[in-house]
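A.B. asks: Structure in structure tokens, see below.
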Amino acid sequence: MNKKILSMLLVLCMVMASFAGCAGDSGGSAGSGAASKAETSANAGTNSSEAESGADINFNEAPYEINFLYLVAQEGANQSKVAEAVSALAERELNMTVNLIPMTFGTYNQQISMMLAANEPLDLFPAWSTNYSTYIDSQYVVDMVPYLDYAQDAIAVLGDDAFVGYIGDFLIGFGQMKERSYPAGLVVRKDLFEELGYSVDDFSVTTDDYTSFDQITDLFAAVKEAYPTMVALDGTSIMGYQTESYMDNLGSVYGVLENYGQTTTVTNWFESEQYRTFCDIARDWFTKGYSSSDIAVNQDSGEIKIKAGNCFSYITNVKPNTDVEKLAQTGYEVEVIYLSDKMKHTNAVNSGLYVIANASKDPQKAMQFLNWTYTSREFEDLINWGIEGEDWVETQEGLAAYPEGIDATNVGYHNDFGFIYPNQFVGHAWEGNPTDIWDQYGVYNDSLMVSKAFGFTFNSTVVANEEAQLISVYEQYGKDLAFGAVDIETTLKEFNDALYAAGLQTVIDAKQSQLDEWLAEQ
Amino acid sequence: MILSKGRRAYQLVINFLLMLTTLIMVLPLLLLFISSITDENTLVANGYSYFPEQLSLTAYRYILTNAASILRAYGITVMVTAIGTVGNLLLVSLMAFPLSIRELPGRKFVSFYVFFTMLFSGGLVPSYIMWTTTFGIKNSIWAYILPNFLLSAFNIILVRTFFQTSIPNDIYEAAKIDGAGYFMIYWKIVLPLGKPILVTIGLFSGLSYWNDWTNGLYYITDSKMLSIQALLNRMIQDIQALAANSTANSGALMQIPQVSIRMAIAFVAILPILIIYPFLQKYFASGIMLGAVKG
Amino acid sequence: MKKAKMQRFRQFIPLYVMLLPGVIYLFINNYIPMAGIVVAFKKYNVNDGIFASPFAGLANFEYLFSTNDAAVIIRNTLLYNVAFILINNIIGIALAIMISDVLSKKLRKLYQSAVLLPFLISIVVVSYIVFAFLSHENGMFNNSILPLFGMDTVQWYNDTTWWPLILVITNCWKGVGYGTLIFIAGIAGIDKSFYEAAELDGAGKWQQIWRITIPCLIPSIITLLLMSIGRIFYSDFGLFYQVPQNSGSLYPVTNTIDTYVYRALIAAGGIGRSSAAGLFQSIVGFTLVMVSNGVVRKLSVDNAIF
């Protein structure tokens, strides 16, 4: 109860302050878009009284214990040492002790839902976009809006992307610093590629001209002829399945903004010419034997297939250092041919956010802690790489690497999960990457085409029943069509009919109306 | 033992059919084992085969790097299975016996009470909340033993049926005339005569405990308290997550054979049972033969 | 007379005492959490908890019925379970009879172990094994077995024709051992003197099986049957989701209530919905069992479950 009153007071203060202090800001705090919200809160931060300044830490009270849940690659032997070090660090700087709760991807989904349902002690944890609506509905998470004062550093670091966590007026969380786009790309084996006489510059595949995809078809034909035992294309994705690359999917594939989000009309991608073309191309590859005949049911990733040695290429999301990554994962050098433009849409940025749990006894302190993690180099290095000197050392170029005698099999603590921690850019990059990799990411992120709906998140609870049925339809037809494993003409019609029968139009209308409302407020 | 021609033919036929059945049951298991020692790349490129091109023990070597945690997990699982199975047998037989006595007032009601639990369940969340908040079993060995497996309605009803059909009433009458109370009857008559079904139920219960990975998944977050299934489950999921999500320099990834490791882990999970089972058979066979002897 | 009744009751006290631990355990483990079923009728939020959350009527059940697939998933669940019950019991009884008749102790041990082995393997691993046989690129069927008969390769995972058979076989392979062992125990409990008497009367093997073994097994069969009926709206998730590799083309024959619910909950989750699905399955099973049990009661009171 007290907490609720406090948060209401804070909101009130902010509103007061924004009216009092900001001359030019007419957005106020009533349902504004991400950008103007950023302005409001930033102003509120500078105008509010000293007592609410995020920088003020009271070292005289007892330390608050933060329950910080985070994802690890595996439980390392040095886990407890790292936990102690983090706690000591936080105590020095924030007067908070930290109870690190490590969890692995494999068990995360089940365990988090139990912890939330049982209201177990928890302050901060990472959440996925598929769950936001449910979490808000079930009141598992706390609205961050009242505590934005304490998030100034995080907001500064995240910049334009700071407020993708807004669903309606509820700010659910802050995201991670990482690549902001998931363009589709064809990863090919460099040795065979060059043997055939190709180079990446020969290719320019674009959705402006679908005949450019013939370049890929010809490539596969050449591969099949020269290396009959190789599978030209395998893996778990293909153009028709890359639902983050070609459009702004507004959170789900039912009703999207096509053409890289450069429109504001919500349409059914599966009826578009683009989708039809992608399916036809895939069908062509499938019938000609370029793609593996199991590709539609295959569960093994492209990396595993390449590593096995009999696969030439696969399609996946690509980013600046994909080639370095894949070399480490497969043992083969690769080249990347982009199959789409690079765009930025809300879901690419808010797919995973750090949120404050309902069970937190002091959300304000939780916010302060989270804010701190965006700027603390020591914290980031500790949770990602472990204890300096034991699990990693700094190299001459300022990267991190294993110490003498330590490698992947005997290291005490090592995650390399920067993409799921608040701010990997503030910590060390690992050896093998270019030394300016974080700058490269920055440049990359700034160069992206931005969707017209960037900042908008669809609240799906109004169409929950429809989405429950739509997913069944999508899973029934989606893969077979995208990979070309069935006859496109007849199956595509069946697919779309089934989608509409399951309520697709309702979802499209709901998305359109929420989007229009949001656009009007920008 | 001299068999008539007809009997001999019968023996031949059933043995032939049963051998065939045994082959059908065992062959896929063999494939499992062979895949676990197949070289990873061969496995991915050529698929699973009984005659792989290249063998490799990498999967097992990787698993052995975790030998310490695996041994500890085995230990925990063995203890849990032992305690749980004994508990289950005790509780099941203690419930099944009274329910098999036709004259017991309220028998129908209690049978319904037991059976109802098989049909309706509150679901995972209420169970979890109750066990962790009221009983505080999270991260303790009781988290493996208490929820769900200590007593199952299925077993109770099965055993009750067996008691009802295979133990004739005259035995009870005779015992009562001799002055025995129900406890004596239970101990001296019912348990020995019920050996066949109790051994079977004990086996099933033991297997349930051994194979359970759900209790470990929800109730255990301390990695030192993992049972073998929870540990292996975690290993598989983590490997797959590593494959799907890691960024540059998971040189570690290169060394883990992702596909063959699934088979190797599956094999490690059942290995102890494969080893122990022949020894358990001793009790089985005698149990089944003894069942025929009247007390 | 009252004294006699009291005395009669007194003699049963040891039995009630024996029942007590089990009753308490079931109360704690099953009945207390059962109260949580109400969440199926609520719009749940964690601050109000399960009991204080606002009432939502049947809203959480809508997603189960408003789907066009409702008929398909119910049909699949029911038909497969009926097939499983029939096949597994018939084969289980046959195996049990055969194994019990084998003279050699060693061979008996071997057979008993063999039938239970597949039970130990998790269904996920079974799905890999099935894939090893049915994969188009590398599978044993397409590459070794079909060519032997001069037949064309089949895109198994895109063709619904064979899957009902494949799933029934897989389920039988994996689960028949369970029932077999129960029946073996049942057969062991049959008084051997019956068989001796039959032999003396000149009865052949078949007659003995038909007249002695099966009738003595009927109680176990009926018990297992009734319990299966209670679960008739449930399906083995792994069998219908993982073994077919979640292939969309196969949905018409592999989509069951549990797989539908699983997918639906990914799209629109929450405790209310998942509880609603479970409750629906339970109620149907419960109704069917009550009816069947009533029928069995009329025929032979002993064999009814309650």
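Coordinate-derived values only; no laboratory data. On a predicted model such as this, the values are computed, not experimentally measured, just so you know. Cβ placement follows ideal geometry from the backbone for every residue including glycine, while neighbour counts extend to all protein chains displayed.
A.B. asks: How large is the helix-only mean residue ellipticity at 222 nm for chain B, computed as the sum of -39500 (n - 2.57) over DSSP H runs with n ≥ 4, divided by its residue count, in deg cm²/dmol to the nearest 500?
C.D. replies: -22500 deg cm²/dmol
A.B. asks: Under unit Cβ charges (Lys, Arg +1; Asp, Glu -1), what dipole magnitude, rounded to 20 debye, does region A:392-497 have relative to its Cα centre?
C.D. replies: 320
A.B. asks: Please compute the length gained on full extension between A:THR206 and A:ARG377, using 0.36 nm multiplied by the number of residues separating them and subtracting their Cα-Cα distance.
C.D. replies: Additional length available on full extension: 57.6 nm.
A.B. asks: Amide H neighbours of A:VAL72 under 5 Å, at least 5 residues apart or on other chains, H built in the peptide plane: list them.
C.D. replies: A:MET103, A:THR104, A:PHE105
A.B. asks: Also: May I ask you to derive the FRET efficiency for A:GLU333 and A:THR461 from their Cβ-Cβ distance with R0 = 35 Å, giving the value to the nearest 0.05?
C.D. replies: Approximately 0.15, to the nearest 0.05.
A.B. asks: Largest first and to the nearest Å, give the Cα extent of chain A along each principal axis.
C.D. replies: 75, 60, 43
A.B. asks: Moving to a separate point now. At a Förster radius of 56 Å, what calculated FRET efficiency corresponds to the Cβ-Cβ distance of B:TYR50 and A:GLU93, to the nearest 0.05?
C.D. replies: E between B:TYR50 and A:GLU93, to the nearest 0.05, is 0.35.
A.B. asks: Around A:GLY484, what is the net charge, scoring Lys/Arg as +1 and Asp/Glu as -1 over all other residues with Cβ under 11 Å from its Cβ?
C.D. replies: Taking every Cβ under 11 Å from that of A:GLY484, the sum is -1.
A.B. asks: Over region C:1-160, what is the relative contact order in percent, taking alpha-carbon pairs closer than 8 angstrom and at least six residues apart?
C.D. replies: 7
A.B. asks: Explain nothing, just the number: dipole magnitude of region C:74-254 about its Cα centre with +1 on each Lys and Arg Cβ and -1 on each Asp and Glu Cβ, in debye rounded to the nearest 20.
C.D. replies: Using Cβ point charges on Lys, Arg, Asp and Glu, region C:74-254 gives about 380 debye.
A.B. asks: Ok, one more. Say we join alpha carbon atoms closer than 10 Å with springs in a Gaussian network model of chain C; which of C:GLY150, C:GLY92, C:GLY238 then has the biggest fluctuation?
C.D. replies: Among C:GLY150, C:GLY92, C:GLY238, the largest GNM mean-square fluctuation belongs to C:GLY150.
A.B. asks: Could you compute the net charge surrounding A:SER293? Neighbours are other residues with a C-beta less than 12 Å from the C-beta of A:SER293; K and R count +1, D and E count -1.
C.D. replies: Net charge around A:SER293: -2.
A.B. asks: Based only on Cα atoms, what Rg/Rh ratio does region C:267-306 have, Rh being taken as Kirkwood's radius?
C.D. replies: With Rh from the inverse mean 1/r over Cα pairs, Rg/Rh is 1.30.
A.B. asks: Right, here's the next one. Can you list the residues, at least 5 places off or on another chain, whose amide H is less than 5 Å from the amide H of A:TRP430, using H built in the peptide plane?
C.D. replies: A:ALA400
A.B. asks: Also, quick follow-up: For the pair B:VAL26 and C:LYS105, how long in nm is the line joining their label points, each one 7 Å along Cα→Cβ?
C.D. replies: Once both label points are built, they end up 2.0 nm from each other.
A.B. asks: Here is a further query. Cβ under 11 Å from A:SER447's Cβ, A:SER447 left aside: what net charge do those residues give with Lys, Arg +1 and Asp, Glu -1?
C.D. replies: Surrounding charge for A:SER447 is +1.
A.B. asks: Another question about this same structure. If the label point is 7 Å along Cα→Cβ of A:GLN299, which residues in region C:251-271 have backbone nitrogen under 17 Å from it?
C.D. replies: Those under the cut-off are C:251, C:254-256, C:259-260, C:262-263.
A.B. asks: Apply 1/(1 + (r/R0)^6) to the Cβ-Cβ distance of B:LEU3 and B:ASP178, taking R0 = 51 Å, and write down the FRET efficiency to the nearest 0.05.
C.D. replies: Result of the calculation: an efficiency of 0.75.
A.B. asks: Here's something else I'd like to know. Please tell me the relative contact order of region C:74-254 in percent, rounded to the nearest whole number, where contacts are Cα pairs under 8 Å and at least six residues apart.
C.D. replies: 38 percent.
A.B. asks: Now, a different point. Apply the Karplus curve 6.51 cos²θ - 1.76 cosθ + 1.60, θ = phi - 60°, to the phi angles in region C:269-282 and return the couplings in whole Hz, x for Gly and Pro.
C.D. replies: Per residue, the Karplus-derived 3J(HN,Hα) values read x, x, 5, x, 5, 5, 5, 4, 4, x, 5, 4, 4, 5 Hz.
A.B. asks: Hey, for a label at C:LEU148 modelled as a point 7 Å past Cα toward Cβ, could you say which residues of region B:47-79 have their backbone N under 20 Å away?
C.D. replies: Only B:47-53 pass the distance filter.
A.B. asks: How long are the three semi-axes of the equivalent ellipsoid for the protein assembly as shown, computed from the Cα gyration tensor as the root of 5 times each eigenvalue, in whole Å, largest first?
C.D. replies: Three semi-axes, in Å: 55, 37, 28.
A.B. asks: Here is a further query. Testing the spin-label approximation: label points 7 Å from Cα along Cα→Cβ at C:GLU62 and C:ALA203. State their distance in nm.
C.D. replies: The two pseudo-label positions are separated by 6.2 nm.
A.B. asks: Which of rounded, prolate or oblate describes region A:197-241 when judged by the alpha-carbon gyration tensor and an a/c cut-off of 1.5?
C.D. replies: Taking the square roots of the gyration eigenvalues as a ≥ b ≥ c, region A:197-241 is oblate.
A.B. asks: Which ³J(HN,Hα) values, rounded to whole Hz and listed in residue order, are derived for region B:269-279 from phi using the Karplus coefficients 6.51, -1.76 and 1.60 in 6.51 cos²θ - 1.76 cosθ + 1.60 with θ = phi - 60°, glycine and proline given as x?
C.D. replies: Karplus values, whole Hz, x for Gly and Pro: 5, 9, 3, x, 5, 4, 6, 6, 3, x, 5.
A.B. asks: How do C:PHE149, A:PHE59 line up, fewest other C-beta atoms within 10 Å first?
C.D. replies: Neighbour counts put them in this order, fewest first: C:PHE149, A:PHE59.
A.B. asks: Would you mind checking which residues have amide H under 5 Å from B:THR38's amide H? H placed 1.01 Å from N; only 5 or more apart, or other chain.
C.D. replies: The list, which skips near neighbours in sequence, is B:SER56.
A.B. asks: Once you place label points 7 Å from the Cα toward the Cβ at A:THR490 and A:GLN139, how far apart are they in nm?
C.D. replies: It is 5.4 nm.
A.B. asks: Here's something else I'd like to know. First obtain the Kirkwood hydrodynamic radius of region B:102-240 from its Cα pairs, then insert it into the Stokes-Einstein equation at 4 °C and 1.567 mPa s, and state the resulting D in µm² per second as a whole number.
C.D. replies: Roughly 72 µm²/s, to the nearest whole number.
A.B. asks: Relative contact order for region A:243-323 using alpha-carbon pairs under 8 Å, separation at least 6, rounded to a whole percent?
C.D. replies: It rounds to 14 percent for region A:243-323.
A.B. asks: Mean residue ellipticity at 222 nm from the helices of chain C, using -39,500 (n - 2.57) per DSSP H segment of n ≥ 4 over the full residue count, to the nearest 500 deg cm²/dmol?
C.D. replies: Using -39500 (n - 2.57) per qualifying helix, the result is -21000 deg cm²/dmol.
A.B. asks: By counting other Cβ atoms within 10 Å of each Cβ, how are B:THR65, A:THR316, B:THR22, B:THR38 ranked from fewest to most?
C.D. replies: Lowest count first: B:THR65, B:THR22, A:THR316, B:THR38.
A.B. asks: Only four residue types carry charge here, +1 at the Cβ of Lys and Arg and -1 at the Cβ of Asp and Glu. Report the dipole size of chain A about the Cα centre in Debye, rounded to the nearest 20.
C.D. replies: Around 980 debye, computed over chain A.
A.B. asks: Now for a different question. Within a 10 angstrom radius of each residue's Cβ in A:104-114, how many Cβ atoms of other chains show up on average? Whole number is fine.
C.D. replies: 6
A.B. asks: Now, a different point. Nearest 500 deg cm²/dmol is fine: what mean residue ellipticity at 222 nm does chain A get from its DSSP H runs of n ≥ 4 alone, each adding -39,500 (n - 2.57), divided by its residue count?
C.D. replies: -12500 deg cm²/dmol
A.B. asks: Separate question: Cut-off 10 angstrom, C-alpha nodes, Gaussian network model of chain B. Which of B:ILE185, B:ILE201, B:ILE141 fluctuates the most?
C.D. replies: Maximum fluctuation in the GNM of chain B, among the listed residues, is at B:ILE185.
A.B. asks: May I ask you to evaluate 6.51 cos²θ - 1.76 cosθ + 1.60, the Karplus curve with θ = phi - 60°, for each residue of region C:223-236 and list the ³J(HN,Hα) values in order in whole Hz, giving x for glycine and proline?
C.D. replies: Each residue's phi maps through the Karplus curve to give 4, 4, 4, 4, 5, 5, 4, x, 9, 5, 9, 9, 10, 7 Hz.
A.B. asks: Let me ask something additional. Pull out a ≥ b ≥ c, the square roots of the eigenvalues of the alpha-carbon gyration tensor of chain C, then state rounded if a/c is under 1.5, prolate if not and a/b is larger than b/c, and oblate in the remaining case.
C.D. replies: Here chain C falls in the oblate category.
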